[in-house]
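The values are calculated or read from the model by the stated rules, or taken from the named source; none is laboratory data. In this text the structure is predicted, and so the values were computed from the model without any measurement. In this analysis, Cβ positions are derived from the backbone assuming ideal geometry, glycine residues included, and neighbour counts consider all displayed protein chains.
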Amino acid sequence: MEEYFKFNDNLNEEVRPPDSIKKERLLDNEFIFQENSNPIFNNYENNLQQILEMSKNEFDLAQQIEEEKIIKLINNYKEEKLGKFETLKGQLNKIILFDRTNISIYENILSIIGMYEQNFINEYYIKNEEYIQIFNLLKTIRLPNNEIENLKNIIFIDKLYF
């Protein structure tokens, strides 16, 4: 076993010396890009920035137009709601001064119309007796049929009390 672990000096002579150090340098990518590129893309960053800015301006303009349309629709909707009960409100405000026995019914009707016009409610549910009492009272007043029908589209009988 001793022979096996003996160091052989002849092996050291066969080892070659290390390679010399080489410095490698990559080619300049910008130089190659400028030589082989299309002249349209020479100012790539500036063009990209301009395109992004134009796109943002177009989006802002489209958004502003949409907002104006929505505001116009909302205003039309409000005007439509306000115009539905003009005659009814005027008549009830005049009658309240003279008919003191039914003042609470008139005030309830006016408050329901006011809440509807201010978009607090779209429907109002009441008991069957109150519903009959309101519309029997409104039949005694000369009012346009479309306003009474509009009021019937807001005031409903509550099924719990029916």
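Below are the figures for this structure:
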{"item": "Spans of helices (runs of 4 or more DSSP H) in the range 92-162 with at least 1 residues in contact with a Lys or Arg (Cβ under 6 Å, 6 or more places away or on another chain)", "result": "103-117, 145-152"}
{"item": "In the range 153-162, residue farthest from the chain's Cα centre (by Cα) [restricted to those that are exposed (fewer than 13 other Cβ atoms within 10 Å of the Cβ) and either closer than 13 Å to ILE112 by Cβ or at pLDDT 90 or above (or both)]", "result": "PHE156"}
{"item": "Among (1) touching a Leu at 6+ places or on another chain (Cβ under 9 Å); (2) closer than 14 Å to LEU151 by Cα, the one test that ILE96 misses", "result": "(2)"}
